[in-house]
Protein chains: 2
Amino acid sequence: MAGMEIELKEMLSDLDNLQRSLSDPSSQASLIKMRSRVENLTALVNSGQGRRSKVKDMSAEVVDSNPYSRLMALQRMGIVDNYERIRDFSVAIVGIGGVGSVAAEMLTRCGIGRLLLYDYDKVELANMNRLFFRPEQCGMTKTDAAVQTLSDINPDVVLESYTLNITTVQGFETFMASLTNKANSLSKDSTGVDLVLSCVDNYEARMVVNQACNELKQTWMESGVSEDAVSGHIQLLIPGETACFACAPPLVVASGVDERTLKREGVCAASLPTTMGVVAGLLVQNTLKYLLKFGQVSPYLGYNALKDYFPTMQMRPNPQCSNAACLERQEEYKLTKPERDAAAKAKMEEEALTVTESAIHLDNEWNICVVDDDEQDKKDAQTRDVLPEGLVHELPTADEYQRLTAQEEAVNSADDLEELKRQLEALNAD
Amino acid sequence: MAGMEIELKEMLSDLDNLQRSLSDPSSQASLIKMRSRVENLTALVNSGQGRRSKVKDMSAEVVDSNPYSRLMALQRMGIVDNYERIRDFSVAIVGIGGVGSVAAEMLTRCGIGRLLLYDYDKVELANMNRLFFRPEQCGMTKTDAAVQTLSDINPDVVLESYTLNITTVQGFETFMASLTNKANSLSKDSTGVDLVLSCVDNYEARMVVNQACNELKQTWMESGVSEDAVSGHIQLLIPGETACFACAPPLVVASGVDERTLKREGVCAASLPTTMGVVAGLLVQNTLKYLLKFGQVSPYLGYNALKDYFPTMQMRPNPQCSNAACLERQEEYKLTKPERDAAAKAKMEEEALTVTESAIHLDNEWNICVVDDDEQDKKDAQTRDVLPEGLVHELPTADEYQRLTAQEEAVNSADDLEELKRQLEALNAD
């Protein structure tokens with residue numbers, strides 16, 4: 001639309017020049033008519049834009065023209081202590097697909113301070129069965145299309161877009177640099193970003209986000225939707241404190257569908273705007289609870305759409321994790337145990353003194369409790385093998401992954417049953 | 001955009017006329033420059049439109065240009081037997097606000113056959129904290145803005161929009177007529193619409209939808225989000241078979257927030273795009289499961305965002321319901337009991353013969369079982385008073401509602417505590 005405004009301005013000056021050089025009345029009448037057409041067009045372009053102006057301070061005033069009245073009402077309702085703090089936070093979203101784009105729109109409409117968007121893909125008609133992108137954006141990069149839509153929705157949000165693939169060497173470097181760029185950060189406490197949301201659709205990209213966050217001691221949230229479109233999950237990962245993505249095989253919510261029909265190379269994954277919208281909603285809700293400190297932040301939440309079943313669980317780090325940065329973070333976390341114990345003790349004593357009317361605003365939202373480390377380790381060892389009903393491991397452990405994918409690739413390349421049978425026999429003979 | 005195209009065409013003909021009447025070379029050069037500007041503008045307008053053309057048949061072909069490939073993949077994955085059937089269905093959405101608009105977009109992107117949209121309200125900046133509407137649509141009716149956005153997203157969907165208030169006498173008449181208009185229905189089996197989704201934000205409008213659906217024997221789904229923005233629910237209502245909206249006081253998911261801060265006249269309700277997006281996603285997911293016959297359709301599903309808790313329950317009709325049409329439907333349902341029993345028996349016998357590998361595609365999705373009516377009534381009487389953990393009644397029974405709202409209004413009109421105290425004393429003295 002900016003291009004149209006420039007063209008129209010230039011056209012007015014062309015008309016001015018022409019009007020000066022011509023003198024006959026009929027030409028003058030033509031030029032006046034054309035001038036009024038250009039003015040009409042300018043008005044149409046401006047009305048089509050209708051962008052709202054920036055808002056300096058979030059107001060709680062209850063008027064139709066206030067885009068933040070229904071959010072600031074969360075304070076009056078006693079849900080959030082200080083909603084306006086949301087403007088201090090920077091959130092990075094990796095993957096602007098069916099989940100990431102909706103998560104970005106939700107955070108934009110909530111008035112988040114700054115959003116960093118990462119994707120290398122382009123918008124296609126095949127993406128139109130999910131929310132957010134519009135058919136007229138086909139061919140644009142997802143990052144450009146997202147910036148276009150989001151800046152129209154809320155010009156108060158600072159948008160940074162990175163059209164790159166984080167799994168490449170150069171992409172990873174830019175990714176790391178952008179996450180730690182203090183110059184762009186909105187709050188002086190922040191080391192760059194306050195939270196990373198992974199909304200990618202493959203294991204490799206998740207492992208890259210995991211590596212970056214383990215190295216940067218960066219808390220992040222994982223999200224995923226199954227290839228049959230009817231289950232999904234979100235997961236909170238705090239390096240050293242919770243399991244990292246390499247600590248245990250990734251969990252998926254069992255959909256009841258034969259797993260053999262999934263995960264085949266070249267098979268087009270199914271997707272639904274409903275499942276992706278629900279997962280994006282749960283992810284951003286967890287983000288708001290984490291950033292604005294209300295409710296209970298979920299460590300893991302699954303969604304089985306066929307049964308409307310939502311399993312939850314907690315995962316502690318694996319002391320034998322294959323990720324070196326994770327092991328470092330685990331050591332650091334152990335070293336801060338005396339501090340955490342003292343804080344927990346002080347908190348318990350404080351609570352014993354003051355009457356707490358509601359259990360909602362507990363600061364200790366991670367349910368950290370003073371237990372002996374050995375005892376906890378024993379408990380972990382038990383729980384690591386026992387999953388809640390409806391949850392299954394998506395993949396074997398990270399160590400085994402590479403060996404198995406090599407086998408899988410061999411199997412997948414089989415064109416017919418005979419070939420497959422031969423290959424299986426060969427594998428068994430090893 | 002159509003207006004701009006016309007203006008630009010007219011401008012080209014103006015330039016042609018001027019070019020013919022003028023002969024000096026400098027004017028000619030000016031006119032050529034202006035012509036190229038108009039051509040640029042036309043190209044910009046056309047690229048800005050980029051509407052996709054209609055698609056005659058849903059194809060499963062896996063190409064980037066196929067807007068339905070990821071939906072048709074649900075068949076290949078074994079989730080849905082016949083996805084394309086979605087084009088035969090008509091769904092009515094009452095209330096195009098934070099939940100209804102997102103539900104409409106999801107169904108549009110899923111390629112639903114026909115959508116009927118009802119709302120009387122206009123788009124305001126104060127709605128921008130929820131998904132769907134854009135700032136440039138402020139001042140438009142919600143129905144007009146929705147039709148604009150939805151027809152751009154998927155021109156295959158037949159959209160009917162009704163800018164009216166269903167709680168007025170005339171609005172109710174138009175509402176009833178539109179639901180039963182067989183002429184517009186897409187399938188010869190249908191009596192008009194296949195499902196009504198209630199996405200309104202008040203008790204009165206829900207009771208009107210309830211009345212209409214009880215009279216028309218129309219299955220519908222209810223949805224709601226609490227005024228503190230952190231809980232919501234969806235509910236399936238089949239006249240005569242399940243509880244109607246007047247059978248029991250409406251249920252809300254307890255958020256743990258002091259209920260006294262809610263439901264006060266004049267208090268601006270809080271809202272979040274996350275909660276509304278999740279509720280819309282669960283509602284449309286239930287709609288897809290109901291229409292396309294997959295998974296288990298949820299009779300009631302709550303969402304507590306603070307705890308990520310999702311209570312479920314079933315509600316049978318109340319034989320003492322205050323709604324006369326509901327009682328008629330209950331009688332009719334009782335009369336068809338022998339048929340249902342025979343069908344259930346036949347089904348059980350069939351299942352005993354055939355090996356069923358998966359429990360997903362059970363036709364008997366309402367969990368109807370052959371039990372003695374008296375026994376079931378006893379069980380209902382017990383369960384009606386016992387609610388699952390986390391669910392509370394939002395209002396007293398429909399009978400008591402009118403008396404209590406009169407009292408409440410008296411209390412709400414109190415300007416200060418003194419006045420409130422006097423009124424409470426007067427009420428107690430009754």
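Residue A:355 meets each of the listed conditions (1) at pLDDT 95 or above; (2) surrounded by fewer than 13 Cβ atoms within 10 Å (Cβ to Cβ); (3) closer than 30 Å to residue A:74 by Cβ apart from (1).
Looking only at residues of region A:27-46 that are under 22 Å from residue B:136 (Cβ atoms) and within 7 Å of another protein chain (Cβ to nearest Cβ), we find that the one that is nearest to the chain's Cα centre (by Cα) is A:44.
Taking region B:216-240 as the range and being within 14 Å of another protein chain (Cβ to nearest Cβ) and among the charged types (D, E, K, R) as the test, the residues that pass are B:227, B:228. From the list B:130, B:87, the lone residue that is closer than 21 Å to residue B:276 by Cα and not small (Gly, Ala, Ser) is B:130.
Can you find a residue in region A:160-183 that is among the charged types (D, E, K, R), at negative phi and touching a residue at least 60 places away in the same chain (Cβ under 8 Å)? No - not one qualifying residue is present in region A:160-183. For the subset of region B:149-175 comprising residues that are within 14 Å of chain A (Cβ to nearest Cβ) and β-branched (Val, Ile, Thr), which member is farthest from residue A:74 (Cα to Cα)? Among those that are within 14 Å of chain A (Cβ to nearest Cβ) and β-branched (Val, Ile, Thr), it is B:157. Region A:83-186 holds no strands (runs of 3 or more DSSP E) entirely within its bounds that carry 3 or more residues that are at pLDDT below 95. The residue that is surrounded by the most Cβ atoms within 10 Å (Cβ to Cβ), among those in region A:97-106 that are of a type in the set (A, V, I, L, M) and facing chain B (nearest Cβ under 9 Å), is A:102. Only one entry in B:69, B:53 is at pLDDT 85 or above and under 18 Å from residue B:153 (Cβ atoms), namely B:69. Candidates are the residues of region A:295-334 that are within 14 Å of chain B (Cβ to nearest Cβ) and among the aromatic types (Phe, Trp, Tyr); the one that is nearest to residue B:312 (Cα to Cα) is A:309. Is it the case that some residue within region B:14-37 is in a loop (DSSP other than H, G, I, E, B) and either in contact with a Cys (Cβ under 8 Å, 6 or more places away or on another chain) or more than 30 Å from residue A:8 (Cα to Cα) (or both)? The answer is no, given that none of the residues of region B:14-37 is in a loop (DSSP other than H, G, I, E, B) and either in contact with a Cys (Cβ under 8 Å, 6 or more places away or on another chain) or more than 30 Å from residue A:8 (Cα to Cα) (or both).
Here is a yes/no grid of residues against (1) within 11 Å of chain A (Cβ to nearest Cβ); (2) buried (at least 22 other Cβ atoms within 10 Å of the Cβ):
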residue	(1), (2)
B:68	yes, yes
B:79	yes, yes
B:84	no, no
B:91	no, yes
B:95	no, yes
B:116	no, yes
B:147	no, no
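Only one of the numbered conditions (1) touching a Cys at 6+ places or on another chain (Cβ under 8 Å); (2) more than 7 Å from chain A (Cβ to nearest Cβ); (3) at pLDDT 95 or above is violated by residue B:247, and that is (3).
Every residue, every condition in (1) loosely packed, with under 14 Cβ neighbours inside 10 Å; (2) within 17 Å of the chain's Cα centre (by Cα), yes or no:
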| position | (1), (2) |
| --- | --- |
| B:270 | no, no |
| B:287 | no, yes |
| B:297 | no, yes |
| B:312 | no, no |
| B:335 | yes, no |
| B:340 | no, no |
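Restricted to region A:187-212, and to residues that are outside any strand (DSSP E or B) and in contact with a Phe, Trp or Tyr (Cβ under 7 Å, 6 or more places away or on another chain), which residue is surrounded by the most Cβ atoms within 10 Å (Cβ to Cβ)? Out of the qualifying residues, it is A:209.
What about residue A:59, is it more than 9 Å from chain B (Cβ to nearest Cβ) and either touching a strand residue (DSSP E or B) at 6+ places or on another chain (Cβ under 7 Å) or under 22 Å from residue A:175 (Cα atoms) (or both)? Taking the combined requirement at face value, the residue does not satisfy it.
So that you can scan it fast, the table gives a plain yes or no per residue for (1) modelled with pLDDT under 95; (2) outside any loop (DSSP other than H, G, I, E, B); (3) within 24 Å of residue B:105 (Cα to Cα):
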{"residue": "B:260", "(1), (2), (3)": "yes, yes, no"}
{"residue": "B:263", "(1), (2), (3)": "yes, no, no"}
{"residue": "B:268", "(1), (2), (3)": "yes, no, no"}
{"residue": "B:283", "(1), (2), (3)": "no, yes, yes"}
{"residue": "B:290", "(1), (2), (3)": "no, yes, yes"}
{"residue": "B:307", "(1), (2), (3)": "no, no, no"}
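Search region B:52-69 for residues that are of a type in the set (A, V, I, L, M, F, W, C) and pair each with any residue that is modelled with pLDDT under 85 when their beta-carbon atoms are under 7 Å apart and the residues are at least 6 apart or on different chains. Within 7 Å, the pairs are B:62/A:268.
Of the candidates A:130, A:109, A:52, A:37, the single residue that is touching a Pro at 6+ places or on another chain (Cβ under 6 Å) and surrounded by fewer than 21 Cβ atoms within 10 Å (Cβ to Cβ) is A:52. Sort out which residues of region B:213-228 are hydrophobic (A, V, I, L, M, F, W, C), free of Cβ contacts under 8 Å to residues at least 60 places away in the same chain and surrounded by 22 or more Cβ atoms within 10 Å (Cβ to Cβ), and write them in order of number. Residues satisfying the conditions are B:213, B:220. Checking each residue in region A:318-342 for being among the basic types (Lys, Arg) and either at pLDDT below 95 or touching a Lys or Arg at 6+ places or on another chain (Cβ under 7 Å) (or both) picks out A:329, A:337, A:340.
The values are calculated or read from the model by the stated rules, or taken from the named source; none is laboratory data. Keep in mind it's a predicted model, so treat the numbers as computed, not measured. Heads up, the Cβs are rebuilt from the backbone with ideal geometry, glycines too, and the neighbour counts pull from every protein chain shown.
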